[in-house]
Amino acid sequence: MKTGVIRRIDELGRIVIPKEIRKSLRIKEGENLEILVDNENIILKKYSLMKNFNEFAQNITDSIKSFIDNSVLICDRDSIIAVSGELKKQLLNKKIGSDLEIKLNRREEMLEKHKKSIQISDEMECCYAVSPIIVNSDVIGLVMILGDEVDEIDLKLVQIASKFLTNHLEEV
């Protein structure tokens, strides 16, 4: 994607990324951007601690899945990075839906025991347990179990997994 937007650098070396570009790339205030240099080009790239841990996250979802019948997923602020269970092909590497984005922004930890319509990536009707992954006071993702039935044990499992990921990512 190329754009023809021109911005002036201020005296502190700052530039403003136009609102339309921030909106289309889902860049929010306070998010980190990685600055790369390629020959004479400066590249701004969304940065996610979670992107480097796809395989690690997949191992966690696989481990949880080995003890339960429901699907397990881990997402960062933009996309679903690990899925175990029957929804893997449907959800893996998809952009997160508006309901997950809201849960991230609200830092929601919850258990929904009754089937409810939720925008995960696609609209789904399911029960779920969800817990955010918070590193250095920033919500960087979440762990979720979803299926036809969930209970307090599922909530504990996502809480343990999110705490484990938090501790691991804070050490990096």
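Looking only at region 116-135, filter to residues that are in contact with a helix residue (DSSP H, G or I) (Cβ under 7 Å, 6 or more places away or on another chain), in a strand (DSSP E or B) and open to solvent by 10 Å² or more (accessible area, probe 1.4 Å); which one of those is farthest from R106 (Cα to Cα)?
Q119
Does any residue in region 7-33 that is free of Cβ contacts under 8 Å to residues at least 60 places away in the same chain come within less than 7 Å, Cβ to Cβ, of a residue that is in a loop (DSSP other than H, G, I, E, B) and among the aromatic types (F, W, Y) six or more places away or on a different chain, and which pairs are these?
That search, which allows pairs on different chains as well, returns N32/Y47; L33/Y47.
If A57 satisfies all but one of (1) within 30 Å of L165 (Cα to Cα); (2) among the aliphatic types (A, V, I, L, M); (3) in contact with a Lys or Arg (Cβ under 8 Å, 6 or more places away or on another chain); (4) not in a strand (DSSP E or B), what's the number of the condition it fails?
So the condition that A57 fails would be (3).
If a residue has to be basic (K, R) and more than 17 Å from I134 (Cβ to Cβ) to count, how many in region 61-107 make the cut? Before the answer, list the steps.
So the first thing to find is which residues in region 61-107 are basic (K, R), and the list is 65, 77, 88-89, 94-95, 103, 106-107.
Keeping just the survivors that are more than 17 Å from I134 (Cβ to Cβ) gives 65, 88-89, 94-95.
The total comes to 5.
Name the single residue that is modelled with the highest pLDDT among those in region 152-172 being more than 14 Å from V72 (Cβ to Cβ) and surrounded by 14 or more Cβ atoms within 10 Å (Cβ to Cβ).
K163
Can you work out which of the residues in region 81-102 that are open to solvent by less than 20 Å² (accessible area, probe 1.4 Å) and either part of a helix (DSSP H, G or I) or aromatic (F, W, Y) (or both) is modelled with the highest pLDDT?
Per the stated criteria, the residue is L91.
Yes/no matrix, rows are residues, columns are (1) of a type in the set (F, W, Y); (2) in contact with a Phe, Trp or Tyr (Cβ under 6 Å, 6 or more places away or on another chain); (3) under 26 Å from C127 (Cβ atoms):
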position: V5; (1), (2), (3): no, no, no
position: I27; (1), (2), (3): no, no, no
position: I35; (1), (2), (3): no, no, no
position: Y47; (1), (2), (3): yes, no, no
position: V72; (1), (2), (3): no, no, yes
position: R77; (1), (2), (3): no, no, yes
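Give the residue that is modelled with the lowest pLDDT, with candidates limited to residues of region 1-35 that are outside any strand (DSSP E or B), within 20 Å of D78 (Cα to Cα) and of a type in the set (D, E). Spell out the reasoning first.
Pass one, region 1-35, residues outside any strand (DSSP E or B): 1-32.
With within 20 Å of D78 (Cα to Cα) added as a condition, the list becomes 1, 17-32.
From what is left, the residues that are of a type in the set (D, E) are 20, 29, 31.
Working: E20: 87, E29: 79, E31: 75.
So, considering only residues that are outside any strand (DSSP E or B), within 20 Å of D78 (Cα to Cα) and of a type in the set (D, E), the one modelled with the lowest pLDDT is E31.
Here is a yes/no grid of residues against (1) open to solvent by 10 Å² or more (accessible area, probe 1.4 Å); (2) within 11 Å of the chain's Cα centre (by Cα); (3) basic (K, R); (4) at pLDDT 95 or above:
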residue	(1), (2), (3), (4)
V37	yes, no, no, no
N41	yes, no, no, no
S48	yes, yes, no, no
F53	yes, no, no, no
I64	yes, no, no, yes
D76	no, yes, no, no
S79	yes, yes, no, no
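Would you confirm whether any residue within region 139-154 is part of a helix (DSSP H, G or I) and closer than 16 Å to T61 by Cα? Write out each step before concluding.
In the first step, residues of region 139-154 are kept if they are part of a helix (DSSP H, G or I); the result is 152-154.
Restricting the remaining residues to those that are closer than 16 Å to T61 by Cα gives 153-154.
Within region 139-154, one or more residues are part of a helix (DSSP H, G or I) and closer than 16 Å to T61 by Cα.
Here are E109, E125, E86, E171: which of them is in contact (Cβ under 8 Å) with a residue 24 or more places away in the chain and charged (D, E, K, R)? Before you say what the answer is, go through the steps one by one.
Working: E125 fails: in contact (Cβ under 8 Å) with a residue 24 or more places away in the chain; E86 fails: in contact (Cβ under 8 Å) with a residue 24 or more places away in the chain; E171 fails: in contact (Cβ under 8 Å) with a residue 24 or more places away in the chain.
After ruling out the rest, the residue left standing is E109.
It is to be established whether one or more residues within region 136-147 are open to solvent by 60 Å² or more (accessible area, probe 1.4 Å) and within 13 Å of I80 (Cα to Cα). If you could, list the steps in order and put the result at the bottom.
In the first step, residues of region 136-147 are kept if they are open to solvent by 60 Å² or more (accessible area, probe 1.4 Å); the result is 136-138.
Filter once more, keeping what is within 13 Å of I80 (Cα to Cα): none.
No: zero hits.
The values are calculated or read from the model by the stated rules, or taken from the named source; none is laboratory data. Since the model is a prediction, treat every value here as computed from it, not as a measurement. In this analysis, Cβ positions are derived from the backbone assuming ideal geometry, glycine residues included, and neighbour counts consider all displayed protein chains. Just so you know, the surface numbers come from the protein's heavy atoms only, side chains and all, with ligands and any DNA or RNA stripped out. Shrake-Rupley method; radii C 1.70, N 1.55, O 1.52, S 1.80 Å.
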